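Working notes, structure below.
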Amino acid sequence: MMITIRYINIALEVFGGLLSLIFILCLSLTGQRKEKLERMYIRVLITNTAVLFCDAAAWLFKGRMDLLGFYAVRIANFCVFSFGYILLAVFTDYLVCFIASRGFGISKFPARLMWGLSFTAIVLVIISQFNHMYYLIDDNNIYHRQNLFWLSQTFGIFCMLIDGSLLFRYRRRLSRAELMAVGAYIAMPIIAMFLQIYIYGIAVLYLATTISALCIYISIQVEQSHKFACEALELERSRTLLMLSQIQPHFLYNSLSVIKGLCQTEPLLAEQAIDHFSDFLRGNLNSLSNGDVIPFEQELSHARHFLAIEQMRFGNRIKVCYNIPVTNFFIPSLTLQPIVENAVCHGILKRKEGGTVTIATSETDSAFTITVMDDGIGFDILNPPTDNRVHIGISNVRTRLAAQSNGSLEIKSLPHHGTTVTITIPKESVL
């Protein structure tokens, strides 16, 4: 019977350890930068995995009389107790960070207190190696509980009750699912500790912590799914707003007025203007339905149509220079054209004599770069213009670059010396 229980315990704890490792891998291999709360939860899982494998080793080598068995049983049991107390401390770190992330101003004192209690408990485990107050390993290499074993469990129960009081105090801003997930990690181990005081044989404590960790893992995945859905909705909203902002009534009226005038004086040029105008509108409308990145040449074509229309309106006041040796990459739609529009409308057209807009691309070993430079009026970076539409347009472009291409946008400008906007898109995001 005892042999059967032994192998059941080994199987359960190895299974629990492997399950924790799977959680760690799932959280670590997303390729995204980890938030502090997620990093702390990974620490909880790592510690829990160490406890489970150590306890499995203690059961596996129990009773073996060779040198490996002798040291394995002693080291494994010591690590089970010690890592168990460390698990309490790292979970409290996670709990404090979790509560703080929900908008509460919580002190770090509970976490510091828990680390102090955990180190005190580990010191008592060290003392127990000499006076055997918690457990004894006999001449047959068999683990036996001793009279003060209950104290080791009471220590853990007291620590978990501190966590429970924290959760109860700050419960009002937590959702029901969050309360249930975190509460399970506190309640289930407490119940398991009480059972282990009176029942010896079946290792229920660390299996309970693994099941509790699963509850938190599910909660994290649900929260991340909700977060990704919100980010996707916000991205779609910003893309729609940007598209709508590009179809401005005054631009439409002015373009149509230019076409009307050309129809009377230069019909062939009017035909070209109509082509540019229709292609420009098509590019804006296509961007509304296209949520993915597009070839750079397609976005460049959209900017060319806009510039052609503006050149027909303003003549020699707008000069354009292209230096495009690299085109074999992808960018989010409506990325280049809004930057070019800002360069024209808020840069060179603010000067009576106008100016030049330069569009250039380049390539390095790690990224593609797009540069839009104008020799317009420029502005002070520390005191940017108060045109809200410009700010919203740039902000939307920057947001979509980061979300869809892991790209960045940098602006350099000096009053009376023009503005340079540099878009950088890492190659790893477009290959």
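Values in this text are rule-based calculations from the coordinates and carry no lab data. In this text, all values refer to a predicted model and were calculated from it rather than measured experimentally. Cβ sites come from the backbone with ideal geometry, for glycine too, and all protein chains shown count toward neighbours.
Can you find, among Phe78, Met40, Tyr7, the residue farthest towards the positive end of the dipole of the range 1-124? Put +1 on the C-beta of Lys and Arg, -1 on that of Asp and Glu.
With unit charges placed on the Cβ atoms, the residue in question is Met40.
Please state the charge dipole magnitude for the range 40-139, taken about the Cα centre, from unit charges on C-beta atoms (+1 on K and R, -1 on D and E), reported in debye and rounded to the nearest 20.
The dipole magnitude comes to about 400 debye.
For a protection proxy built on the mean count of beta-carbon atoms within 10 angstrom, sort 77-83, 10-16 highest first, please.
77-83, 10-16
If each Cα of the range 303-363 is one equal point scatterer, what is log10 of I(q)/I(0) from the Debye formula at q = 0.25 Å⁻¹?
-1.10
Looking at this model, which pairs from Lys36/Lys62; Lys350/Lys412; Lys36/Lys412; Lys260/Lys350; Lys260/Lys319 are more than 28 angstrom apart at the alpha-carbon?
Table pairs above 28 Å Cα-Cα are Lys36/Lys62; Lys36/Lys412.
Magnitude of the Cβ-charge dipole of the range 336-381, K/R +1 and D/E -1, about the Cα centre, nearest 20 debye?
The calculation lands at about 260 debye.
Leaving out same-chain residues fewer than 8 places away, which aspartates and glutamates sit with a Cα under 13 Å from that of Lys352?
Leaving aside aspartates and glutamates fewer than 8 places away in the same chain, those within reach of Lys352 are Asp375.
Provide the descending list of Cα extents for the range 91-183 along its principal axes, expressed in whole angstroms.
Principal-axis extents of the Cα atoms in the range 91-183, largest first: 55, 24, 17 Å.
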